[in-house]
Amino acid sequence: TNKAYLLKVYGYIPASQTRIEGYYNKTGINFQNFTNYRVNANTSTWNIKAEQYLFKKQLRIMASARKNDYSNPFVIQQYNSNTVFTALSATFRRRRLPSLTIGYMPSSQYTMVGNQVAENRYQSLNIHMAHTYRIGLMTANGSVVYNRFYNSGSDTGFVYYNASHFYSSHQFMFRMFTASMGYARTANRQYALDVMEGGLAITWFKKIVAGFGARINQYNQVEVKTGGYFNLRCNWPAIGDLSVWYENGYLPGSSGSLVKNEWFTLGFTRYFNNRIRF
């Protein structure tokens with residue numbers, strides 16, 4: 001009852017510059033791990049992915065498919081899940097030109113219901129373009145993202161169902177600080193959310209970076225609320241990196257208005273350099 005199998009395969013064809021990989025994972029009802037939390041459940045998962053490079057590796061085409069079967073016979077309400085994820089994307093990169101990625105792939109969305117934040121996944125059309133350039137002695141980079149979600153309110157509880165999302169951001173990097181600005185719009189037939197943001201990150205002694213910014217949220221061109229964020233990162237070579245992030249923002253709620261979303265993150269990173277002598 002606690003059997004488990006895991007098989008992984010990797011392959012590369014130099015003549016055609018094709019890379020292929022895949023795996024198959026099977027766990028029994030009482031198996032305890034393979035990292036994911038699956039206590040008292042039967043699971044069967046397989047995944048296959050292929051990458052093809054063209055035009056001297058300037059164009060990369062990637063296709064993948066994944067299937068996940070899940071069943072738990074020990075719960076009162078019998079639960080079974082059978083999900084198939086597919087993804088197809090093309091990425092073009094060339095020196096001194098913006099990089100462009102177009103893909104149909106899984107995505108995720110955070111929705112606030114009451115005081116709880118839920119994450120849901122679904123398929124979407126994604127287009128992303130990014131470019132790094134110089135203006136005099138200043139380095140700048142910009143990105144533009146467009147997402148189109150294809151679903152309806154009858155098959156999902158998402159606030160963003162059947163919506164389009166546009167996001168544009170720019171960063172201007174100076175010697176002592178980095179300035180950023182961005183604009184986002186998400187809309188469908190029932191609502192529209194516009195968000196404008198601006199921020200500044202200041203560097204002291206190459207070891208301390210402090211950033212802060214503000215976001216203005218406009219919901220259905222009626223409700224306007226302003227949020228902000230603050231982050232701090234300190235580097236001590238003998239100790240490690242300490243990072244702090246705080247944000248006071250807003251998310252669209254199921255009641256048709258903006259709901260406050262406040263969160264705080266504290267992180268610590270330590271790097272080790274161990275040398276083994278023979």
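One table, with the values for the structure above:
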quantity	calculated
Accessible area (Å², 1.4 Å probe, nearest 10) - residue 263	100
Accessible-area order (highest first, 1.4 angstrom probe) of the listed residues 175, 94, 185	175, 94, 185
Which of 268, 205, 230, 85 is most accessible, then next, and so on - probe 1.4 Å	205, 268, 230, 85
Two-decimal Rg/Rh across the stretch 180-278, once Rg and the Kirkwood Rh are taken from alpha-carbon atoms	1.19
Label-point separation, residue 67 to residue 185 (7 Å along Cα→Cβ), nm	4.2
Contour minus Cα-Cα distance for residue 134 and residue 4 (0.36 nm per residue)	41.4 nm
Efficiency of FRET from Cβ geometry, residue 18 and residue 232, R₀ 41 Å, rounded to 0.05	0.35
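The values are calculated or read from the model by the stated rules, or taken from the named source; none is laboratory data. In this text the structure is predicted, and so the values were computed from the model without any measurement. Reconstructed Cβ throughout: ideal geometry from the backbone, glycine too, with neighbour counts over all protein chains shown. Side chains are part of the model used for accessible areas, which takes the heavy atoms of the whole protein and leaves out ligands, DNA and RNA. Shrake-Rupley method; radii C 1.70, N 1.55, O 1.52, S 1.80 Å.
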